[in-house]
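S.K.: Below is one structure. I have some questions about it.
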Amino acid sequence: MSATAVTAAVTATAAATTVTTGGALPGEEYDVTVVGAGVVGSAIARELARLPLRIALVDASDDVGNGTSKANTAILHTGFDAVPGSLESRLVREGHRLLSSYAADSGIPVEPLGALLVAWDEEQRAALPGLADKAVRNGYRAARIAPAEEVRAREPELGPGVLGALDVPGESVICPWTTTLAYATQAVRAGVALHLNCRVQHITPGDVHTLATSRGPLRTRYLVNAAGLYADEIDRLLGHADFTVTPRRGQLIVFDELARGLVRHILLPVPGALGKGVLVSPTVYGNVMLGPTAEDLDDKTDTGSTAEGLALLREKGRRILPALLDEEVTAVYAGLRAATGDEDYAIRAHPAQRYVTVGGIRSTGLTASMAIAAHVVELLADGGLPMAGARDLEPVRMPNLGEAFPRPYRDAELIARDPEYGRIVCHCERVTRGEIRDALAATVPPGSLDGLRRRTRARGGRCQGFHCGAAVRALFEEARR
Amino acid sequence: MNRDRTVDVLVVGAGPAGLALAARLATAGAGHVEVLEREEDAGGVPRHCHHGGFGGPVRPWLTGPAYARRAVRAAVEAGAAVRTGVTATGWAGALSLETTGPAGPERITGRAVVLATGARERPRSARLVPGSRPAGVLTTGELQQAVHLYGQDVGRRAVVVGAEPVARHAVRTLRRAGAEVVAVVTERSRGTAVPGVPLLTATTVGELRGRGRLSGVAVRHEDGRSGVLACDTVVFTGDWIPDHELARRGGVTLDPGTRGPSVDASFRTSVPGVFAVGNALHGVEPAATAAAAGAAAAAPVLARLSGAPWPEPGPRLTVRAPLLWVAPNRLTNLTDLTDLAGRPLLLRSGEPLTNPVVTAAQDGRLLWRRRHPGRVPPSRSLRLAPGWTYRVDRAGGPVVLGLG
Ligand SMILES: Cc1cc2nc3c(=O)[nH]c(=O)nc-3n(C[C@H](O)[C@H](O)[C@H](O)COP(=O)(O)OP(=O)(O)OC[C@H]3O[C@@H](n4cnc5c(N)ncnc54)[C@H](O)[C@@H]3O)c2cc1C
Ligand SMILES: Cc1cc2nc3c(=O)[nH]c(=O)nc-3n(C[C@H](O)[C@H](O)[C@H](O)COP(=O)(O)OP(=O)(O)OC[C@H]3O[C@@H](n4cnc5c(N)ncnc54)[C@H](O)[C@@H]3O)c2cc1C
């Protein structure tokens with residue numbers, strides 16, 4: 001890790017941008033600081049960036065979106081199955097609308113595949129009408145029950161024993177990496193200071209709060225806690241003990257792109273007495289995902305996979321889509337949901353402290369992120385944050401990582417203008433030198449090879465670096481020299 | 001450059017197999033023979049195998065890079081066009097490939113298309129090895145390129161997983177890069193030890209540990225003993241899978257044993273006009289085997305160019321456990337026995353064999369049976385004389401190879 005503060009170069013669309021990754025923090029006092037640059041914190045920073053204020057976004061990690069936000073099932077939910085009347089229900093519904101249109105404007109890949117909640121036994125079939133009802137109570141009216149023959153016709157590779165399904169046409173898959181990165185990029189270009197490798201360790205509350213961080217003190221008038229799994233710990237630093245986060249691990253298996261033809265919809269499980277079950281879903285990168293497990297843990301860092309977890313997923317996957325198990329596995333990963341024991345988000349305003357906690361953003365935070373951000377900014381305004389002078393943000397256009405949209409390696413005009421987009425480096429994912437170069441020079445550059453993968457897909461394919469690993473690493477290291 | 005072009009033979013992959021074929025075809029006057037290679041340099045895997053042991057059977061052996069250079073030179077001097085930095089990305093028609101390179105996308109049609117795309121090692125994820133996802137987890141392919149092509153650092157203490165010959169090369173490469181090899185771990189009951197490195201047989205890797213960087217590998221012996229090997233690097237070797245993406249996207253039938261295109265003795269796939277050669281057919285064999293297959297495919301490719309019909313499929317050729325695969329594995333009703341003259345079938349076992357008796361049967365009828373003196377490890381193919389295939393009933397059921 002470089003030990004010097006890095007201020008990124010001036011970009012075409014903005015004045016000097018501030019992204020630091022090491023060294024002492026600049027001594028500046030901020031009006032608002034957001035702790036946690038996951039999808040939620042980045043969305044909040046972006047929303048705040050409209051205001052003529054000094055805003056900081058800090059994260060303990062070397063990259064934005066490097067916690068739970070990078071490891072989920074990447075579904076843009078309609079909110080049909082939320083707890084009716086909950087804050088989560090409302091924010092997921094609004095978030096779905098906001099993010100759908102933001103994604104279209106910003107080049108975040110979304111595929112509106114629709115979901116089928118497939119019933120495999122009588123209990124599950126009996127649950128479908130109740131779910132259809134609940135969808136309506138959540139303001140979602142397009143769900144309907146599909147008979148077994150229809151389900152079979154629409155998903156010919158399903159295993160035997162399908163009894164019917166709830167058809168939820170509004171569910172989509174999205175790129176979680178580009179979403180967080182787009183928020184952060186737009187925020188930084190609008191003047192938000194992003195400080196990475198910056199862990200908040202203690203807080204001295206006051207007129208101006210002083211956060212003791214791993215990179216020295218940071219002074220701020222308002223504070224937003226979007227620390228995900230650690231939101232309870234930050235809360236305690238300010239004297240609140242409203243909730244405790246229990247990490248609930250979800251392991252996932254990603255299958256080769258050659259499996260993509262086996263499935264057309266997002267195949268969601270019917271929630272039942274025996275837990276939530278696992279889903280099979282295409283990804284926007286053209287893979288097929290199987291998971292997640294649901295295991296309550298003590299360790300907030302245990303994002304490892306286990307033999308039992310993978311065996312369970314394979315067993316469930318074999319029932320849902322038998323042919324999937326014959327395909328090669330591309331990746332295995334796990335994410336930790338921030339469970340609080342409560343069936344709703346724990347978003348709390350503490351106006352006296354000019355502080356908002358954004359906790360318990362459980363398994364829908366990607367979808368709800370923009371609505372959460374708008375809600376949080378309202379809470380800050382209620383607590384006295386001046387809202388005057390808000391302006392529109394400069395739109396952002398992100399590099400496309402989605403298979404359903406044109407990729408540089410097929411773009412004759414682009415390659416004619418710049419042959420680097422015709423030089424494929426990562427062969428499995430068809431990532432070109434041009435794309436890698438762009439990511440390395442972007443407003444928010446990657447801090448590691450994994451960060452580069454989340455920006456380009458390089459090394460993310462079936463060979464996991466057998467062919468291109470060393471070449472991609474060489475490009476990354478060269479750019480950092 | 002034209003967006004749409006036609007050539008006589010389009011070869012995908014400039015490794016030993018594709019290059020040997022291109023050289024032979026160009027020499028024979030096959031017309032415009034074009035080889036596409038997605039890497040910046042042609043030569044295939046030997047480019048980054050900086051050890052001797054390539055070529056033969058006449059010694060002295062060459063190093064991988066020298067062997068690769070020789071193969072490229074032979075193809076180019078024979079008149080084949082070897083284009084590097086060009087990837088075949090998909091199909092635009094039965095014999096038309098879409099390609100991409102710095103000169104832009106193209107659509108190239110061949111009168112014959114040959115897939116010589118090679119093979120890769122299964123990475124950690126494909127082997128479903130649980131644990132964390134730290135840096136320091138490699139395959140031999142990545143290790144060799146990191147060390148030999150880029151001079152990158154690969155850590156101080158390494159564990160090598162696998163006991164195929166490639167594991168030895170991984171050990172050597174790690175040592176050359178200054179790393180200590182803590183152990184070679186294999187699930188198999190036997191393996192070739194490398195002097196100075198403990199060989200842990202009948203041992204599985206249960207879990208990878210460490211955040212950020214690998215800190216250790218948890219292992220378990222089949223007798224129940226377990227422990228953690230402290231290391232910052234682990235190399236997963238062997239466990240090959242053909243790079244069959246292009247084949248599958250082109251609708252080419254795969255063999256369930258090899259996971260590569262199913263081919264007859266003349267390297268003909270299920271798609272008329274599409275041939276496949278080399279490691280793309282079955283995972284890793286010595287480079288000379290891949291090159292010999294490439295050279296042998298020249299005659300059937302030339303026959304195709306001069307209008308020979310594509311044969312109808314005959315019975316399947318399959319194997320029974322512990323055998324894993326056989327190649328070729330497609331019997332066609334036109335398979336001319338002279339195609340096979342001198343060209344053995346390659347047969348792979350999942351378990352070590354000693355003096356195996358191999359049988360071939362069809363519909364319960366024994367076609368052939370032969371004892372093969374000597375020991376055959378799972379990392380090597382047994383070569384079967386093909387003389388018995390004339391006994392196959394072309395209208396009958398699958399032909400099954402087993403151990404008698
Ligand atoms: C298996 C799984 C599947 C999911 N599927 C979906 C889905 O399909 N659709 C959907 O909408 N949602 C899904 N989710 C939920 C979604 O991923 C989360 O709700 C969302 O990512 C939460 O974002 P966040 O920003 O709150 O948390 P995080 O991404 O965890 O961000 C918190 C950040 O805070 C930082 N941080 C923590 N402590 C400190 C500190 N002291 N100082 C500085 N920084 C700190 C961390 O480094 C981290 O980057 C899923 C989650 C899981 C686990
Ligand atoms: C670590 C290691 C050590 C080895 N040691 C030895 C040894 O000592 N002696 C020995 O004889 N053999 C050795 N081998 C085996 C030998 O390298 C292979 O058998 C040989 O390279 C196989 O040749 P091939 O042409 O079938 O495939 P490859 O050499 O793999 O070549 C395939 C080529 O196709 C290209 N390609 C693939 N897809 C596309 C596409 N879509 N578009 C364009 N190009 C494409 C690839 O980039 C590659 O260059 C070793 C192999 C390894 C991995």
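The values are calculated or read from the model by the stated rules, or taken from the named source; none is laboratory data. Please read these numbers as outputs of a predicted model, since none were measured by experiment. When we count neighbours, we look across all protein chains shown, and the Cβ atoms used for this are built from the backbone with ideal geometry, even at glycine. Accessible surface areas use protein heavy atoms only, side chains included; no ligands, DNA or RNA. Shrake-Rupley method; radii C 1.70, N 1.55, O 1.52, S 1.80 Å.
S.K.: Being open to solvent by 20 Å² or more (accessible area, probe 1.4 Å) and in contact (Cβ under 8 Å) with a residue 40 or more places away in the chain narrows it down to one residue among A:Leu401, A:Leu414, A:Leu449, A:Leu475; which is it?
M.R.: None of the others qualify; the one that does is A:Leu475.
S.K.: OK, next. Need a quick list: helices (runs of 4 or more DSSP H) entirely within the stretch A:77-166 having at least 2 residues that are in the same structural domain as A:Asn287 (by TED's automatic domain parsing).
M.R.: Counting at least 2 such residues, we get A:122-137, A:148-154.
S.K.: Looking at (1) surrounded by fewer than 24 Cβ atoms within 10 Å (Cβ to Cβ); (2) within 9 Å of chain B (Cβ to nearest Cβ); (3) in contact with a helix residue (DSSP H, G or I) (Cβ under 9 Å, 6 or more places away or on another chain), which is the only condition A:Arg462 fails?
M.R.: So the condition that A:Arg462 fails would be (1).
S.K.: Can you pull out the residues in the stretch B:128-152 that are farther than 12 Å from A:Gln464 by Cα, at the interface with chain A (Cβ under 7 Å from one of its Cβ atoms) and out of contact with any strand residue (DSSP E or B) (no Cβ under 8 Å at 6 or more places or on another chain)?
M.R.: Selection gives B:Gln145, B:Leu149, B:Tyr150, B:Gln152.
S.K.: Further question on the same structure: Taking A:Ala381, is it away from ligand 2 (no atom under 16 Å from the Cβ) and touching a Ser or Thr at 6+ places or on another chain (Cβ under 6 Å)?
M.R.: So A:Ala381 fails the test.
S.K.: Consider only pairs whose beta carbons are under 6 Å apart and that are at least six residues apart or on different chains; among these, list those whose first residue lies in the stretch B:292-306 and is in the same structural domain as B:Ala17 (by TED's automatic domain parsing) and whose second residue is open to solvent by 20 Å² or more (accessible area, probe 1.4 Å) and part of a helix (DSSP H, G or I).
M.R.: These pairs meet every condition: B:Gly294/B:Ala20; B:Ala295/B:Ala20; B:Ala295/B:Arg24; B:Ala298/B:Arg24.
S.K.: Kindly indicate whether B:Val161 is of a type outside the set (S, T, N, Q), more than 25 Å from B:Glu37 (Cα to Cα), touching a helix residue (DSSP H, G or I) at 6+ places or on another chain (Cβ under 9 Å) and open to solvent by 10 Å² or more (accessible area, probe 1.4 Å).
M.R.: Answer is yes for this residue.
S.K.: Then there is this: Open to solvent by less than 10 Å² (accessible area, probe 1.4 Å) and within 14 Å of chain B (Cβ to nearest Cβ): does that describe A:Val431?
M.R.: Yes, satisfied.
S.K.: Here are some residues: B:Gly227, B:Gly251, B:Gly257. Which one is outside the structural domain of B:Glu37 (by TED's automatic domain parsing), surrounded by fewer than 24 Cβ atoms within 10 Å (Cβ to Cβ) and out of contact with any helix residue (DSSP H, G or I) (no Cβ under 6 Å at 6 or more places or on another chain)?
M.R.: Just a single option satisfies the conditions, and that option is B:Gly227.
S.K.: I would also like to ask the following. Sort out which residues of the stretch A:304-344 are open to solvent by 10 Å² or more (accessible area, probe 1.4 Å), out of contact with any Pro (no Cβ under 8 Å at 6 or more places or on another chain) and in a loop (DSSP other than H, G, I, E, B), and write them in order of number.
M.R.: Hits for the stretch A:304-344 are A:Glu327, A:Glu328, A:Thr340, A:Gly341, A:Asp342, A:Glu343, A:Asp344.
S.K.: Would you mind finding the one in B:Arg249, B:Arg268, B:Arg190 that is within 11 Å of chain A (Cβ to nearest Cβ) and either in contact (Cβ under 8 Å) with a residue 12 or more places away in the chain or hydroxyl-bearing (Ser, Thr, Tyr) (or both)?
M.R.: B:Arg249
S.K.: Follow-up question, since we're still on this one. Can you tell me which residues in the stretch B:132-149 are more than 25 Å from A:Ile253 (Cα to Cα) and surrounded by fewer than 20 Cβ atoms within 10 Å (Cβ to Cβ)?
M.R.: B:Leu149
S.K.: I'm trying to understand the selection: among the residues of the stretch B:18-38, which are open to solvent by less than 10 Å² (accessible area, probe 1.4 Å) and near ligand 2 (Cβ under 6 Å from one of its atoms)?
M.R.: Within the stretch B:18-38, B:Gly18, B:Leu36 qualify.
S.K.: Right, something else. Can you tell me which residue in the stretch B:82-98 is farthest from B:Pro300 (Cα to Cα), limited to those that are facing chain A (nearest Cβ under 10 Å) and touching a residue at least 24 places away in the same chain (Cβ under 8 Å)?
M.R.: Applying the filter and picking the extreme gives B:Gly85.
S.K.: Since B:Ala280 meets every condition but one in (1) more than 16 Å from ligand 2 (Cβ to nearest atom); (2) crowded, with 21+ Cβ neighbours inside 10 Å, which condition does it not meet?
M.R.: (1)
S.K.: Among the residues of the stretch A:33-50, is any farther than 24 Å from A:Ala439 by Cα and open to solvent by 30 Å² or more (accessible area, probe 1.4 Å)?
M.R.: Yes; the residues of the stretch A:33-50 include at least one that is farther than 24 Å from A:Ala439 by Cα and open to solvent by 30 Å² or more (accessible area, probe 1.4 Å).
Conditions tested, residue by residue: (1) aliphatic (A, V, I, L, M); (2) assigned to a helix (DSSP H, G or I).
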site: B:Gly294; (1), (2): no, yes
site: B:Ala303; (1), (2): yes, yes
site: B:Leu324; (1), (2): yes, no
site: B:Arg348; (1), (2): no, no
site: B:Ala361; (1), (2): yes, no
site: B:Arg380; (1), (2): no, no
site: B:Gly396; (1), (2): no, no
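S.K.: I'm told B:Arg133 meets every condition in (1) within 16 Å of ligand 1 (Cβ to nearest atom); (2) assigned by TED's automatic domain parsing to the domain that holds B:Glu34 except one. Can you identify the failing condition by its number?
M.R.: Evaluating B:Arg133 over (1) within 16 Å of ligand 1 (Cβ to nearest atom); (2) assigned by TED's automatic domain parsing to the domain that holds B:Glu34 leaves (2) as the failure.
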